[in-house]
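Okay, structure first, notes after.
The values are calculated or read from the model by the stated rules, or taken from the named source; none is laboratory data. Just so we're clear, the structure is a prediction, and the values are computed from it rather than from any experiment. Cβ atoms come from the backbone with ideal geometry, glycine included; neighbour counts cover every protein chain shown. Surface accessibility is based on the protein's heavy atoms, side chains included, excluding ligands, DNA and RNA. Shrake-Rupley method; radii C 1.70, N 1.55, O 1.52, S 1.80 Å.
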Amino acid sequence: MYLLSFFIALTFPHFAQDGLSEDIDNAIEKLVSEAHSESQDARAELIEIGRKATPQLVKALEAGSSSVQQRHMICEVLGKIRHNDPTILSALGKALEDRAEFGTSVASVAASSLAWIGDDGAIPMLIKVIEEKEVDGSLRVDLDLQLKYETIRALGVLRAGAATEVLRTALKDKKTTQLGPQDDWAHLIAAAAATALGYIRATEAIEDLGALLGDGTLDPFSEKPLQWHAARALERITGKTRGDLNGSASASALAAWRKWYDTEIKPKPDEPKPDEPKPDEPKPDQPKSDEPKSDEPK
């Protein structure tokens with residue numbers, strides 16, 4: 001029996017490989033099955049096969065005939081496999097331009113998958129997405145706030161110091177990714193930016209984050225106010241704590257952070273230097289305006 005099996009393996013070595021390739025193609029097709037359980041089984045099978053499935057997944061992602069749902073799910077599967085092959089990074093980079101939606105955009109899932117893969121080569125692509133502008137000068141990413149959130153999150157996960165300035169700008173965005181009134185998974189963009197800046201340890205953003213320590217705008221996902229997210233980021237950046245932000249004493253911890261900002265960081269109004277005259281005083285070599293000039297000859 002053993003000799004027979006050995007003979008079959010030598011005679012038909014391609015059978016096993018062809019069988020795997022066939023299983024991968026079948027699973028990719030079933031990703032769009034109307035039966036939810038079949039679709040999820042196909043997703044799980046592809047993730048289990050792992051790296052050997054990625055060439056066919058990339059080919060299907062880039063195929064002109066693939067549906068939005070299929071591209072959406074393939075991006076997710078590639079992220080879960082977490083293989084940083086250049087062809088995968090390139091395919092997901094192209095998918096960042098795919099704004100077609102299946103619940104959320106294909107682009108937003110591609111950004112999330114790049115975070116899962118964790119390769120620094122994705123950083124320039126992600127920064128390009130968040131900086132890209134429309135003809136009227138508005139940020140293109142503001143038309144897809146889920147993509148904006150996933151891009152910001154990915155830049156934080158990758159500790160992308162090069163993204164510090166665009167993330168500081170994103171701190172001003174008080175919109176959420178909410179898709180509807182019952183969307184409990186919505187994220188506040190400014191809170192995501194604060195978290196990312198904390199991961200990066202962006203000392204340049206300390207003043208920006210400090211200015212948010214009194215902002216009570218709520219992040220629907222965390223159910224925490226923006227000031228809380230700013231304080232958490234400042235903990236990471238400064239390496240210091242001012243109380244337990246997660247416990248019953250979180251209010252006093254936030255108050256301690258605000259006091260620190262007000263006394264040590266907050267810009268003070270411009271004051272003249274000690275050796276400079278005050279604005280309403282004449283310089284020493286000029287006569288005071290209320291003293292009449294003398295017309296007597298010297």
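Set side by side, the residues K30, K94, K59 differ, and just one is open to solvent by 70 Å² or more (accessible area, probe 1.4 Å), without any contact (Cβ under 8 Å) to a residue 24 or more places away in the chain and within 28 Å of G121 (Cβ to Cβ), which is K59. Out of all the residues in segment 217-245, which are of a type outside the set (F, W, Y), in contact with a helix residue (DSSP H, G or I) (Cβ under 9 Å, 6 or more places away or on another chain) and open to solvent by 50 Å² or more (accessible area, probe 1.4 Å)? Listed by number, the residues that qualify are L218, K224, R232, R236, K240, T241, R242, D244. Filtering segment 43-52 to residues that are of a type outside the set (D, E, K, R), at negative phi and exposed (fewer than 14 other Cβ atoms within 10 Å of the Cβ) leaves only A44. The condition (being closer than 23 Å to W185 by Cα and either out of contact with any strand residue (DSSP E or B) (no Cβ under 9 Å at 6 or more places or on another chain) or of a type in the set (S, T, N, Q) (or both)) is satisfied by just one residue among A91, A110: A110.
For segment 172-215, the set of residues classified as within 24 Å of E264 (Cβ to Cβ), open to solvent by 10 Å² or more (accessible area, probe 1.4 Å) and in a loop (DSSP other than H, G, I, E, B) consists of K172, R201, A211, L212, G214, D215, listed by residue number. Residues that are at pLDDT 95 or above, open to solvent by 10 Å² or more (accessible area, probe 1.4 Å) and either under 17 Å from the mean Cα position of the chain (by Cα) or closer than 20 Å to R153 by Cα (or both): does segment 100-111 have at least one? Yes; the residues of segment 100-111 include at least one that is at pLDDT 95 or above, open to solvent by 10 Å² or more (accessible area, probe 1.4 Å) and either under 17 Å from the mean Cα position of the chain (by Cα) or closer than 20 Å to R153 by Cα (or both).
Filter segment 65-91 down to the residues that are open to solvent by 40 Å² or more (accessible area, probe 1.4 Å) and of a type in the set (G, A, S) and list them by number. Matches in segment 65-91: S65, S67, S90.
The rows are residues; the columns are (1) open to solvent by 50 Å² or more (accessible area, probe 1.4 Å); (2) among the acidic types (D, E); (3) under 26 Å from P86 (Cα atoms); (4) modelled with pLDDT of 95 or more.
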site: H36; (1), (2), (3), (4): yes, no, no, no
site: D41; (1), (2), (3), (4): yes, yes, no, yes
site: T54; (1), (2), (3), (4): no, no, yes, yes
site: A63; (1), (2), (3), (4): no, no, yes, no
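Of the residues making up segment 144-171, just one is under 19 Å from S222 (Cβ atoms), open to solvent by less than 30 Å² (accessible area, probe 1.4 Å) and of a type in the set (S, T, N, Q), namely T151.
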